[in-house]
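Okay, so here's the structure we're looking at.
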């Protein structure tokens, strides 16, 4: 998932970005209907054993104004909720881009070109708009709204990444309080990162996870990649243990949505299977992060074939 200008992304990731952008553009901001009948669903553990995966979407945020960002989030939440008809607990991942530090106030620079920076107070408002959209489109289940960023933060230090993770968790807590205040018991909150070895070093990236552990008790989701991982290690000096740490063992509760993309599903499956084995017992997958809704179930099957009973049912399509 490339967090620079769209033109700098690979063809695969440009296609993912354009697909999510087209989906957003096809929705109109809907009027708020009467509250739906809500069934409380207990949140899942790190993964739920599954035999039939279901398809959801995840979203790159790409607005150039605060009002535009709020509208995107509402529409994304509305579409996600309308699509969730099976009563599942599902994670709505909103990727706000690479982390920024503006004099100690953190935020993210999104997927517009060039990227547009939004600070955490505005991102919290945007997450609240996503909550309103989820409420308006609600059909069934429980939806966990997730504040996602990237580790594509070469200009940031470990200490800054720690602060970024802490503030992500704080926003998750504030969002949960907002949801509760609105009586939205069908919703939840989490934080997340697209953590990829090719983007930055492990020494700095682990700050996001360490900060999330310090900042609160909400789930922290890794929906990143395992670039170049083999029995001898991964790209950019990362080890299998490093990948296991940022994706799962470094912060509890942790949720893993590994990238299994159509460009190389067997290779990506092998990488994540090695990481799971290196981490030891307890490491599971909540589902998969994919680049094609039509291929989502096949990509899920690729991971599940080598990790039977350890892959949750959700496929999150970017």
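Restricting attention to segment 280-314, report how many residues are in contact with a strand residue (DSSP E or B) (Cβ under 8 Å, 6 or more places away or on another chain) and either within 21 Å of residue 243 (Cβ to Cβ) or without any contact (Cβ under 8 Å) to a residue 60 or more places away in the chain (or both).
First pass over segment 280-314, keeping only residues in contact with a strand residue (DSSP E or B) (Cβ under 8 Å, 6 or more places away or on another chain): 283-293, 296-297, 299-300, 303-304, 307, 310-314.
Now restrict to residues that are either within 21 Å of residue 243 (Cβ to Cβ) or without any contact (Cβ under 8 Å) to a residue 60 or more places away in the chain (or both): 283-292, 299-300, 303-304, 307, 310-312, 314.
Count: 19.
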In segment 166-190, residues that are surrounded by fewer than 19 Cβ atoms within 10 Å (Cβ to Cβ) and within 16 Å of the chain's Cα centre (by Cα) total 0
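I'd like to know if segment 179-202 contains one or more residues that are in a helix (DSSP H, G or I), within 30 Å of residue 87 (Cβ to Cβ) and out of contact with any helix residue (DSSP H, G or I) (no Cβ under 9 Å at 6 or more places or on another chain).
So the first thing to find is which residues in segment 179-202 are in a helix (DSSP H, G or I), and the list is 179-181, 202.
Add one more test, that the residue is within 30 Å of residue 87 (Cβ to Cβ), and what stays is 179-181.
Next, from what is left, pick out any that are out of contact with any helix residue (DSSP H, G or I) (no Cβ under 9 Å at 6 or more places or on another chain): 180-181.
So far as segment 179-202 goes, yes, one or more of its residues are in a helix (DSSP H, G or I), within 30 Å of residue 87 (Cβ to Cβ) and out of contact with any helix residue (DSSP H, G or I) (no Cβ under 9 Å at 6 or more places or on another chain).
Among the residues of segment 72-99, count how many are buried (at least 19 other Cβ atoms within 10 Å of the Cβ) and more than 18 Å from the chain's Cα centre (by Cα).
Start the filter on segment 72-99 by keeping residues that are buried (at least 19 other Cβ atoms within 10 Å of the Cβ), which leaves 72-81, 84, 88-99.
Remaining after also requiring more than 18 Å from the chain's Cα centre (by Cα): none.
Total satisfying the criteria: 0.
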So residue 193, is it at pLDDT 95 or above, crowded, with 23+ Cβ neighbours inside 10 Å and under 19 Å from residue 110 (Cα atoms): yes
Counting only residues in segment 107-139 that are within 18 Å of the chain's Cα centre (by Cα), touching a residue at least 60 places away in the same chain (Cβ under 8 Å) and outside any helix (DSSP H, G or I), the one farthest from residue 156 (Cα to Cα) is identified as 111
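In this structure, does residue 183 turn out to be at positive phi, at pLDDT 95 or above and out of contact with any strand residue (DSSP E or B) (no Cβ under 9 Å at 6 or more places or on another chain)?
Yes; evaluated as a whole, the condition is true for this residue.
With the condition kept exactly as written, say whether any residue in segment 53-62 is assigned to a strand (DSSP E or B), touching a helix residue (DSSP H, G or I) at 6+ places or on another chain (Cβ under 9 Å) and more than 16 Å from residue 296 (Cβ to Cβ). I'd like the intermediate steps shown before the answer.
Our first condition is that a residue be assigned to a strand (DSSP E or B); within segment 53-62, this holds for 54-57, 59-60.
Checking the rest, the ones that are also touching a helix residue (DSSP H, G or I) at 6+ places or on another chain (Cβ under 9 Å) come to 54-57, 59-60.
Now narrow it down to the ones that are more than 16 Å from residue 296 (Cβ to Cβ): 60.
The answer is yes; a qualifying residue exists.
The values are calculated or read from the model by the stated rules, or taken from the named source; none is laboratory data. Just so you know, these numbers come straight off a predicted model, no measurement behind them. Neighbour counts run over all protein chains shown; Cβ positions are idealised from the backbone, glycine included.
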